[in-house]
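Chemist: Encoded as structure tokens, here's the structure I'll be asking about.
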Amino acid sequence: MKIKTKLNLGVGLLFVLIIILSLVSAYNIFLIKKDTQNILKANYNTLEYSRNMLLALEDITSNENMAIANFEINLKLQLTNVTENGEDLATSNLQKSFTTLESNRTDERLKNQIRQDIFQIMKLNMNAIKQKSDVATKTAERANFSIAILGTLCFLIAFNLLVNLPNNIANPIKELTASIKEIANKNYKERVNFMDHNEFGELAKSFNTMAQKLEEYSSSNLHKLTFEKKRLETLINNMHDPIIGIDHEGTVLFVNDEALKIMGLKSEDLIGKSAEVLALTNDLLKSLIRNELESSKSQPMTIFADGKESYFEKETVNITIKPTGEDTKIDIGNVIILRNITVFKELDFAKTNFIATVSHELKTPISSIKMSLQLLQKQETGTINEDQKQLLDSIKEDSQRLLKITGELLELSQMETGNIQLNIEKSNPNEIVTYALHAVKKQADQKEIEIVVDTQKNLPDVKADSEKTAWVLVNFLTNAIRYSPEKSLVKINLKIEDKQLIFEVTDKGQGIDNRYQTKVFDKYFQVPGSHKSGTGLGLAISKEFIEAQNGRIGVKSQLGLGSTFFFKLATV
């Protein structure tokens with residue numbers, strides 16, 4: 001429990017008890033006062049009235065009229081102050097006797113009767129005074145007992161606070177003071193041990209963290225730190241990849257020689273200065289820090305280095321540390337690494353050129369083979385038997401497959417070399433769908449697959465290359481037909497979402513496992529266990545076509561429930 005809470009509870013409880021004690025005392029005093037006022041009002045006044053009536057009765061002889069008037073006044077007052085049992089009867093008798101006395105004022109026997117009635121009233125009130133006095137005494141005794149109990153309770157609480165509260169506050173302060181003196185004497189192993197869940201516990205935790213850090217700092221060796229710093233600097237400078245270190249405030253901490261070489265700057269021009277300010281005059285540094293927190297999987301950068309155009313892949317490594325004695329990691333900066341991938345790029349270019357050359361060279365003889373097959377299948381060239389017809393059909397199928405593969409390889413090589421030409425213009429999405437349906441109609445009929453088109457009304461045109469977009473849609477439909485069971489349904493859905501037109505192709509095939517959904521658009525990738533022929537290039541080329549038109553391509557699938565391939569293009 002926190003010290004502040006303890007103080008509030010202790011003092012608050014004492015304050016409440018004092019208020020209760022005051023209220024109980026006031027209430028009991030009020031009861032005693034009420035009993036006293038009751039005696040004064042009900043009994044003392046009656047005795048006073050009775051005494052006045054006795055005096056007036058004695059004065060009847062000497063001053064008859066005045067005495068009668070005084071008697072009558074006090075009698076009326078008594079009639080309004082009848083409070084005790086039997087007092088009303090005695091007062092009634094007194095009133096009757098006084099009425100008789102007014103007509104016969106010299107009757108001594110009647111006067112004696114009046115005196116007896118007055119004495120009876122006085123006796124009743126004297127007895128009542130004694131009873132009420134006893135009640136007031138009991139009330140006072142109860143008040144004394146209640147006040148004594150509450151007073152004792154307040155004393156015990158106050159005594160407990162007096163004994164314990166100063167120790168709870170003073171002892172940790174005393175221990176902390178002693179520990180601070182030990183730290184001042186360079187005894188950094190000193191720790192405080194009161195770890196309660198209060199302010200002193202938090203203070204002890206902070207003190208121990210401080211002492212731990214001081215111990216760590218004191219045990220470190222400046223020479224060792226300097227040696228380690230130089231070793232790290234040498235290691236960074238000897239790396240063949242350009243490296244730049246930036247702290248969390250954007251200040252350049254270190255730059256190796258390779259980075260200085262490609263930026264054309266000196267170390268004194270960079271180290272200790274703001275990267276954002278330097279980026280204003282250095283385009284390369286500007287491009288490096290522009291997205292320094294992005295993923296390292298970024299597009300390769302083209303930089304003139306080593307006397308030629310070189311390619312680098314940027315990787316940003318975020319550096320975090322956990323300070324001594326703390327639980328939360330903090331960000332201390334980023335290290336930007338430029339990996340030189342020029343050799344791999346040159347190999348990739350060589351591969352692409354080789355594939356393009358081979359594909360181009362193969363396309364011509366394959367086309368000749370197809371033409372020869374068409375001539376052989378004509379009756380004018382001669383009659384063929386059933387076995388020969390099957391062989392020709394097989395050759396035709398293989399030649400079509402080879403022609404498709406070479407076509408895909410040529411498309412891929414054109415995209416990789418940047419030679420692909422896009423004719424982006426206002427295109428009608430319904431015409432694109434109609435073209436794709438016509439292209440795959442024969443394949444769908446062979447498997448008795450129904451293709452259903454579901455489109456919203458009044459669809460706008462899209463900014464796209466209609467030929468390439470139709471090629472992608474044909475590829476989606478071809479795959480859907482290939483992987484769907486016979487006599488199933490393939491659905492094409494067109495809809496508008498966020499000023500983009502979405503083309504969706506949904507099939508009832510076996511679906512794609514979540515592990516492979518992010519890889520289906522990679523080159524040469526085929527889903528394991530699909531048992532379908534293909535090059536694995538169709539979806540990769542489709543992705544390039546769509547992204548070249550500033551669109552987005554993707555897939556949604558559940559294993560055993562089919563797949564939905566889609567792409568989005570901006571509307572006009």
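The values are calculated or read from the model by the stated rules, or taken from the named source; none is laboratory data. Given the structure is predicted, the values throughout are model-derived calculations rather than measurements. Don't worry about glycine lacking a Cβ; one is built from the backbone with ideal geometry, like all the others, and counts go over all protein chains shown. Keep in mind that these areas ignore ligands, DNA and RNA; they rest on the heavy atoms of the full protein, side chains included. Shrake-Rupley method; radii C 1.70, N 1.55, O 1.52, S 1.80 Å.
Chemist: Compute the FRET efficiency between ILE271 and VAL317 as 1/(1 + (r/R0)^6), taking r as their Cβ-Cβ distance and R0 = 22 Å, and round to the nearest 0.05.
Modeler: 0.70
Chemist: Next up: On full extension of the chain, what length is gained from ALA439 through GLU547, given 0.36 nm per residue of separation minus the C-alpha to C-alpha distance? Could you put the intermediate results ahead of the total?
Modeler: Numbers: separation 108, 0.36 × 108 = 38.88 nm, distance 2.31 nm.
The span from ALA439 to GLU547 would gain 36.6 nm if fully extended.
Chemist: Would you mind checking the pairs LYS457/LYS495; LYS487/LYS568; LYS447/LYS491; LYS491/LYS523 and listing those with alpha carbons more than 19 angstrom apart?
Modeler: LYS487/LYS568; LYS491/LYS523
Chemist: Given +1 on the Cβ of Lys and Arg, -1 on the Cβ of Asp and Glu, and no further charges, what dipole in debye does the stretch 13-129 carry about its Cα centre, rounded to the nearest 20?
Modeler: Using only the charged Cβ atoms, the result is roughly 320 debye.
Chemist: Figure the gain on full extension for ARG105 and VAL135 (residue separation times 0.36 nm, minus the Cα-Cα span) and round it to one decimal in nm.
Modeler: 6.5 nm
Chemist: Run the dipole for the stretch 71-127 about the Cα centre, Lys and Arg Cβ at +1, Asp and Glu Cβ at -1, nothing else charged, and hand back the magnitude in debye, nearest 20.
Modeler: Dipole size: approximately 140 debye.
Chemist: Taking R0 as 25 Å, what FRET efficiency do you get between ARG191 and THR328 from their Cβ-Cβ distance, rounded to the nearest 0.05?
Modeler: Details: r = 22 Å, r/R0 = 0.87.
Efficiency for this residue pair is about 0.70.
Chemist: From the Cα gyration tensor of the stretch 437-567, with a ≥ b ≥ c the square roots of its eigenvalues, which class applies: rounded if a/c is under 1.5, or else prolate if a/b is larger than b/c, or else oblate?
Modeler: Taking the square roots of the gyration eigenvalues as a ≥ b ≥ c, the stretch 437-567 is oblate.
Chemist: In addition: Over all alpha-carbon pairs of the stretch 9-153, lay out the pair-distance distribution in 10 Å bins, whole %, shortest bin first.
Modeler: P(r) over the stretch 9-153, rounded to whole percents: 11, 31, 20, 14, 11, 8, 4, 1, 0.
Chemist: Pop the C-beta distance of LEU561 and ASN171 into the FRET formula with R0 = 51 Å and round what comes out to the nearest 0.05.
Modeler: 0.15
Chemist: Here's something else I'd like to know. Could you check how much of the accessible area of the stretch 87-180 is carbon and sulfur, as a whole percent, using a 1.4 Å probe?
Modeler: 61
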